[in-house]
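*Asks:* Please find one structure pasted underneath; my questions will follow.
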Amino acid sequence: MGKILFTGACIITMDEEKPEYFTGDLLIEGDRIAAVSERAGAIERPRAGRVIEGRDLLLMPGLVNTHGHAAMTLLRGYADDLPLQEWLEKKIWPVEENLTGDDVYWGTLLAIAEMLKGGTTTFTDMYFFMERAAEAAAEGKIRAVLSRGLIGLGEGGEKALREAADFQRNWQGAAGGRISVTYGPHAPYTCPPDFLRRVMDEADKTGSALQIHVAETAREVEECKRQYGSTPVRHLHRLGLFERRVIAAHCVHLDDEDIEILAEKKVGVAHNPGSNLKLGSGIAPAARLLDTGVTVGLGTDGASSNNNLDLLEEMRLAALLAKGKAMEPTLIPARQALQMATINGASLLGLADVGILKEGFKADLIALNLKEPQAAPLFDPPAHVVYAAAAADVRFAVVDGEMLVEEGRLTGLDMEKIIDECNRRAERLTGRSLKKP
């Protein structure tokens, strides 16, 4: 890795010490941002390195996807238009019983290709065969926070927990530090209290964070009240889960006490507006959570319930749904939506030097093409990113100082081979023939 200078670009740093946006320069040296200037042409052009003219570029931090199941790209479009429990129990779980490690490897590569091309430079994953998912993340050179999904029902829970501990030992800090490992108990309704305590004990041995689905549906909340006498949030709070760093996915159905607990215990919430809408789960109270001081990031969930991994779309949905639900257009303004997709996501994942374009921070950034019809006229760059930009606008994506997308094309992954492999595996898993383009 050498030096890369973006010069004369419109820059959104998300750094509170800088203007909201400006035309300037940014220099990358190795895996770090070496300099950011608010004046175009102020940074000396490197003698040995690359200079990218930024006149038609909008430079910003790479997007951080805080919740997903990457290899579920293999099931994209397989079981649409069903409620969550029917979708899981009758369609998804039966197919997942036949997954192999190779399936997860190729499905994860497909997800990585899609995310990088759409501007996501960090993703979170909870699934099976996570060693293969980690191999895919290492090959794709993306930043990843990975969990072996844990279900405590039946006889497989102890085996899964041993696999999670092995995965933590083998992969924490791997791929040059780009891979982080957390523990992933699936949900309160699939992880009984005794099993959750075992998971917490394992996580405590290494100080690992946990990620878990919480209060995704009204049915889940009612079942938890019936079984444990409280909401999922209060149930997990009583068990002591929130004494640790927790990424709580969804959090759609919350009452005031739930929100107070999440704020007090500093639980990070991964808001998945697209998936929650498609599965008919509801709309999470993201604006209320933010107002209460909860750190809220954005996630796509899996591509089988979304059906894309487009975090720009999730940003737009998060902002628009908050406004529409409350009939208040000032809720989640553009800059706050950008924070959810960048700084907030990095914070709740425990990534201290990601999510901001600042000297000394990791060189994880993207550049959007401003030479597109929807970018003109450009009055307000943050508002343009949230309300008008599209995944196809991503011209460059850099992770750890390495150019992974250049002029809209992947530099290190064979997309045609990945798609062919995934199509073949999807047909085998589902028993259905694909429509050929």
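*Asks:* Using only the alpha-carbon atoms, what does region 145-202 span along each of its principal axes? Please give whole angstrom values in decreasing order.
*Replies:* So the three principal-axis extents are 36, 17, 16 Å.
*Asks:* Relative to the longest principal axis of the chain, what angle (0 to 90°, nearest 10) does the C-alpha long axis of helix 311-326 take?
*Replies:* Taking Cα atoms only, the helix is inclined about 70 degrees.
*Asks:* Please list, by residue number, everything in region 237-257 whose backbone N is under 17 Å from a paramagnetic label point 7 Å out along Cα→Cβ of Lys325.
*Replies:* Residues passing the 17 Å test: 248-257.
*Asks:* Leaving out ligands, DNA and RNA, and with a 1.4 Å probe, what % of the accessible surface on region 9-120 is carbon or sulfur?
*Replies:* 43 percent
*Asks:* Okay, moving on. What residue among Ala34, Ala144, Ala326 shows peak mean-square fluctuation when the chain is described by a Gaussian network model with Cα springs under 10 Å?
*Replies:* Ala326
*Asks:* Now a separate question. To the nearest 10 Å², what's His213's accessible area with a 1.4 Å probe?
*Replies:* 10 Å²
*Asks:* Stokes-Einstein D for region 40-79 at 37 °C, 0.692 mPa s, Kirkwood Rh over Cα pairs, in µm²/s?
*Replies:* Result for D is 219 µm²/s.
*Asks:* Of the listed peptides 130-143, 280-293, 163-176, what is their order by residue-averaged count of other C-beta atoms within 10 Å, with the highest listed first?
*Replies:* On the way: 130-143: 23.1, 280-293: 18.7, 163-176: 16.6.
Packing proxy ranking, top to bottom: 130-143, 280-293, 163-176.
*Asks:* To continue, here is another question. If you put +1 on each Lys and Arg Cβ and -1 on each Asp and Glu Cβ, how big is the dipole of region 162-238 around its Cα centre, in Debye rounded to 20?
*Replies:* Dipole of region 162-238, to the nearest 20 debye: 140 debye.
*Asks:* Still on this model: From the P(r) of region 219-374, could you give the percentage of C-alpha pairs in the tail past 23 Å?
*Replies:* Values: 4979 of 12090 pairs.
The calculated P(r) of region 219-374 puts 41 percent of pairs beyond 23 Å.
*Asks:* Run through all the Cα pairs of region 180-266 and give the fraction in each 5 Å bin from 0, expressed as whole percent.
*Replies:* 3, 15, 29, 27, 18, 7, 2, 0
*Asks:* For helix 415-430, report the angle its Cα long axis makes with the longest principal axis of the Cα atoms of the chain; keep it between 0 and 90° and round to the nearest 10°.
*Replies:* The answer is roughly 10 degrees.
*Asks:* What is the set of long-range amide H partners of Val145 at a cut-off below 5 Å, with H atoms built 1.01 Å from backbone N?
*Replies:* The answer is Phe123, Thr124, Asp125, Ser180.
*Asks:* Follow-up question, since we're still on this one. Taking the highest mean first, how do the peptides 89-97, 328-336, 62-70, 10-18 order by number of other beta carbon atoms within 10 angstrom per residue?
*Replies:* 62-70, 10-18, 328-336, 89-97
*Asks:* Something else now. Pairs Lys3/Lys117; Lys225/Lys325; Lys90/Lys141; Lys117/Lys159: which exceed 30 Å Cα-Cα?
*Replies:* Listed pairs above 30 Å: Lys90/Lys141; Lys117/Lys159.
*Asks:* Exactly which trypsin sites (Lys or Arg not before Pro) in region 211-284 are in a DSSP loop and have at most 12 other Cβ atoms within 10 Å? Let's see the in-between values first.
*Replies:* Details: sites: Arg219, Lys225, Arg226, Arg234, Arg238, Arg244, Arg245, Lys265, Lys266, Lys278; in loops: Arg244, Arg245, Lys265, Lys266.
Sparse-neighbourhood loop trypsin sites (Lys or Arg not before Pro): none present.
*Asks:* Can you pull a Stokes-Einstein diffusion coefficient for region 1-136 at 20 °C (1.002 mPa s), Rh from Kirkwood over Cα pairs, as a whole number of µm²/s?
*Replies:* The estimated diffusion coefficient comes to 120 µm²/s.
*Asks:* Order Ser347, Ser230, most accessible first, counting only protein heavy atoms with a 1.4 angstrom probe.
*Replies:* Most to least solvent-accessible, the answer reads Ser347, Ser230.
*Asks:* Let me ask you something else. What do the square roots of 5 times the Cα gyration tensor eigenvalues come to for region 155-302, in whole Å, largest first, as semi-axes of the equivalent ellipsoid?
*Replies:* They are 25, 18, 15 Å, listed from largest to smallest.
*Asks:* Could you rank the peptides 363-373, 296-306 by their average count of other C-beta atoms within 10 Å per residue, with the highest value first?
*Replies:* So the peptides 363-373, 296-306, ranked by packing, come out 296-306, 363-373.
*Asks:* Could you give the size of the charge dipole of the chain about its Cα centre, using +1 on the Cβ of each K and R and -1 on the Cβ of each D and E, expressed in debye and rounded to the nearest 20?
*Replies:* Using only the charged Cβ atoms, the result is roughly 300 debye.
*Asks:* Return the percentage of antiparallel bridges among DSSP beta bridges fully within the chain, rounded to the nearest 5 %. Walk me through the intermediate numbers first.
*Replies:* Working: 29 of 64 bridges.
Antiparallel: roughly 45 percent of the beta bridges in the chain.
*Asks:* Let me ask something additional. Work out, step by step, the length gained on full extension between Asp204 and Lys159: first 0.36 nm times the residue separation, then minus their alpha carbon distance; give nm to one decimal.
*Replies:* Contour length minus the Cα-Cα distance gives 14.4 nm.
*Asks:* A further question on this structure: Given the -39500 (n - 2.57) contribution per DSSP H run of 4+ residues, what per-residue ellipticity at 222 nm results for the chain, rounded to the nearest 500 deg cm²/dmol? Walk me through the intermediate numbers first.
*Replies:* Numbers: 15 runs with 154 residues, N = 437.
Dividing the helical sum by the residues of the chain leaves -10500 deg cm²/dmol.
*Asks:* Here is a further query. With no solvent and one point per C-alpha, what does the Debye sum give as log10 I(q)/I(0) for region 300-375 at q = 0.15, 0.16 Å⁻¹?
*Replies:* The Debye formula, applied to the Cα set alone, gives -0.70, -0.78.
*Asks:* With an 8 Å Cα cut-off and a minimum separation of 6 or more residues, compute the relative contact order for region 361-415 in percent.
*Replies:* Worked out over region 361-415, it gives 37 percent.
*Asks:* Using all C-alpha to C-alpha distances in region 67-185, build P(r) with 10 Å bins and read off the rounded percent in each one.
*Replies:* Each 10 Å bin holds this share of Cα pairs: 14, 45, 33, 8, 0.
*Asks:* Would you list Glu216, Glu260, Glu421 from the most to the least accessible area, probe 1.4 Å?
*Replies:* Glu260, Glu421, Glu216
*Asks:* By how many degrees, between 0 and 90 and to the nearest 10, does the Cα long axis of helix 101-117 differ from the longest principal axis of the chain?
*Replies:* Result, in degrees: 40.
*Asks:* Rounded to whole Å and sorted largest first, list the principal axis extents of the Cα atoms in region 356-437.
*Replies:* Cα extents, longest axis first: 50, 32, 19 Å.
The values are calculated or read from the model by the stated rules, or taken from the named source; none is laboratory data. None of the values given here were measured: they were computed from a predicted structure. FYI the Cβ positions are ideal-geometry reconstructions off the backbone, even for glycines, and counts take in every protein chain you see. Quick note on the areas: whole protein, heavy atoms, side chains included, nothing else; ligands and nucleic acids left out. Shrake-Rupley method; radii C 1.70, N 1.55, O 1.52, S 1.80 Å.
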